[in-house]
Amino acid sequence: MNKISHYFGALLLVISFTACEEKPIEPIVITAEDFHTSVNNVTQVMIHDIFSPPQASRIYAYPNIAAYEILSSTNADYNSLATQLNDFTEIPKPTTTENLNYELAALVAHIDLSRRLVFSEDKITPYRDSLYQLWNTKNETEYTVSKAYGLAVVEHVVAWMNKDMYKETRTMPKFSVVTDDPSRWQPTPPAYGDGIEPHWNKIRPFVIDSASQFKPVPPPAYSMDKDSDFYKELKEVYDLSESITAKGDTAEEIAIAQFWDCNPYVSVTRGHLMFATKKITPGAHWIGIAKIASRNAGHDVMQTMYTYTKTSLAIADAFISCWDEKYRSNLVRPETLINEHFNDNWQPILQTPPFPEYVSGHSVVSGAAAEALTSIFGDGFSFVDDTELPFGLPVRSFSSFRNAANEAAISRLYGGIHYRAAVDNGLVQGRNIGRFINATLKMKVNKDQASN
């Protein structure tokens, strides 16, 4: 009995000591892929909610800024954007740095602010809650401290964001269509939608001084005189479209037009039935390219958010600048004039989007985004663009971001929805915006220089 008692006593002692040992607390590791996932999630929700291209650019920018600011605050190689962005002030300091995981706080801020900016918050909430549960289980203290700081930064960014005139523009009047001037934009088939975001030039820019800072040269003067520059550009759209469609569905120009379509809402009519197909916006396409480049370069969390943030700032300011010109020049689309003067059954290869023609939004945005990305990765950075695979389109390869921007711009002429001047001048406008942002923003301590 004594031996048995001794055995069980020793066993109980071992069990007791084992029970008293604390389970090792694991640090929470956040990777660049976590931020890619967060950005992708908000892209999918924006597709579902059908945000217009200008609206989508704003939704990308603010969460990226919040995450970047948290990360840069503890990284000696990067500068804060405080005082560099219009009216933006320094984010709050953490109340404690003990157990504070800055990368976790940045991801919390990115997810939470993204969720606040979309309509369908419920599509992001389950993803957020699943991460919260995982982090809380893994390391409750680190999670709690980091989450609190991330949300504190969100409140700071939201207070700044709420003064950008977005809310005020929601109640401003619709765009008034001028019907007695043939040079002015008219709603186009099949939906004949109202002009979207006619007051977007009132949104506070992020980096540029004002919406009109990079005002492009005017478009060719409207004239149906066959010797006028305007008529020649109109005829070019029609003739090129006829030539392309004659080649059939395998035409390279059609493939280019479709790849860069990026129309978030395309109306489809079949008999008496009308429905919509949803896709990414042009800004979302370039955010996708930023993701591809970051992955290819093996970027860490800080480098990834630097890339996303700089690219999204260029895209957002490009839309403000572009939309300022669109509703200033208020130029008629090719489809309207071709149907009236050349062929009343003609349809462009791409569906004409519902806003004035000049300048091409794709050209401005692509030019700006390409300059931002080139400043980060260099001019010879080649990549395979698989952004459109979810929409049934094959990949396309590019030798540089500028090469991709050139193709995005000319795609609008191939698609039959822009004149050449809108494409060429829009690309110049976008490049100028991107170069200004590269020269103005000092996001890296030494300087923004190409390196991969």
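The values are calculated or read from the model by the stated rules, or taken from the named source; none is laboratory data. What you see is a predicted model; the values in this text were computed from it and never measured. Reconstructed Cβ throughout: ideal geometry from the backbone, glycine too, with neighbour counts over all protein chains shown. Only protein heavy atoms, including side chains, enter the accessible area calculation; ligands, DNA and RNA are left aside. Shrake-Rupley method; radii C 1.70, N 1.55, O 1.52, S 1.80 Å.
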Kindly express, to the nearest 10 degrees and within the range 0 to 90, the angle between helix 2-20's C-alpha long axis and the longest C-alpha principal axis of the chain. 30 degrees
First compute the accessible area of the chain with a 1.4 Å probe, then give the percent of it belonging to carbon and sulfur atoms. 52 percent
Whole angstrom only: what separates the Cα centroid of the stretch 278-309 from the Cα centroid of the stretch 205-242? 31 Å
Could you give the distance between the Cα centres of the stretch 401-450 and the stretch 80-127, to the whole Å? 29 Å
Overall form of the stretch 20-80 per C-alpha gyration tensor (a/c, 1.5; a/b vs b/c): oblate
Provide the gained length on full extension for the span Lys167 to Ser399, in nm with one decimal, where the gain is 0.36 nm per separating residue minus the Cα-Cα distance. 79.5 nm
For Lys202, the aspartates and glutamates lying under 18 Å Cα to Cα, once residues fewer than eight places off in the same chain are dropped, come out as Asp87, Asp164, Glu168, Asp317, Asp324, Glu325
Stokes-Einstein D in µm²/s, Kirkwood radius over Cα pairs - the chain at 4 °C with 1.567 mPa s viscosity: 55 µm²/s
Per the helix-only calculation at 222 nm, which mean residue ellipticity applies to the chain, given -39500 (n - 2.57) for every DSSP H run of n ≥ 4 and division by its residues, nearest 500 deg cm²/dmol? -18000 deg cm²/dmol
Would you work out the relative contact order for the stretch 316-452, in percent, from Cα pairs under 8 angstrom that are 6 or more residues apart? 33 percent
Reach of Lys291 by Cα under 29 Å, taken over lysines that are not fewer than 8 positions away in the same chain: Lys123, Lys138, Lys147, Lys278, Lys279, Lys310, Lys442, Lys444, Lys447
Given the peptides 300-313, 179-192, 361-374, 114-127, arrange them by the average over their residues of other C-beta atoms within 10 Å, most packed first. 361-374, 300-313, 114-127, 179-192
In sequence order, what are the phi-derived ³J(HN,Hα) couplings for the stretch 327-333 according to the Karplus relation 6.51 cos²θ - 1.76 cosθ + 1.60 with θ = phi - 60°, rounded to whole Hz, with x for glycine and proline? 8, 7, 6, 6, 8, 5, 7
Quick one: helix 32-49 against the long Cα principal axis of the chain, what's the angle to the nearest 10°, folded into 0 to 90? 50 degrees
Which aspartates and glutamates, on any chain, are close to Lys226 with Cα under 16 Å apart, when same-chain ones fewer than 8 places away are left out? Glu236, Asp239, Glu340
What are the residues whose amide H is under 5 Å from the amide H of Arg396, where those residues sit 5 or more places off or on another chain and H is modelled from the backbone? Asp385
Below 8 Å between Cα atoms, with a sequence gap of 6+, how large is the relative contact order for the stretch 173-284 in percent? 14 percent
Put a dot 7 Å past each Cα toward the Cβ at Asn345 and Ala191; how far apart are the dots in nm? 2.7 nm
Quick one: if you stick a label point 7 Å off each Cα along the C-beta vector at Ser212 and Glu236, how many nm between them? 2.8 nm
Quick shape check on the stretch 364-452: root eigenvalues a ≥ b ≥ c of the Cα gyration tensor, a/c under 1.5 is rounded, otherwise prolate if a/b tops b/c, else oblate, and it reads oblate
FRET efficiency for Arg328 and Arg204 from the Cβ-Cβ distance with R0 = 25 Å, rounded to 0.05, comes out at 0.85
Could you tell me which of rounded, prolate or oblate describes the stretch 36-179, using a ≥ b ≥ c as the square roots of the eigenvalues of the alpha-carbon gyration tensor, with rounded for a/c under 1.5 and, failing that, prolate when a/b is larger than b/c and oblate otherwise? oblate
Please figure out what share of the DSSP beta bridges in the chain is antiparallel and state it in percent, rounded to the nearest 5. 100 percent
Helix axis angle, 125-138 relative to the chain longest principal axis, alpha carbon, degrees: 20 degrees
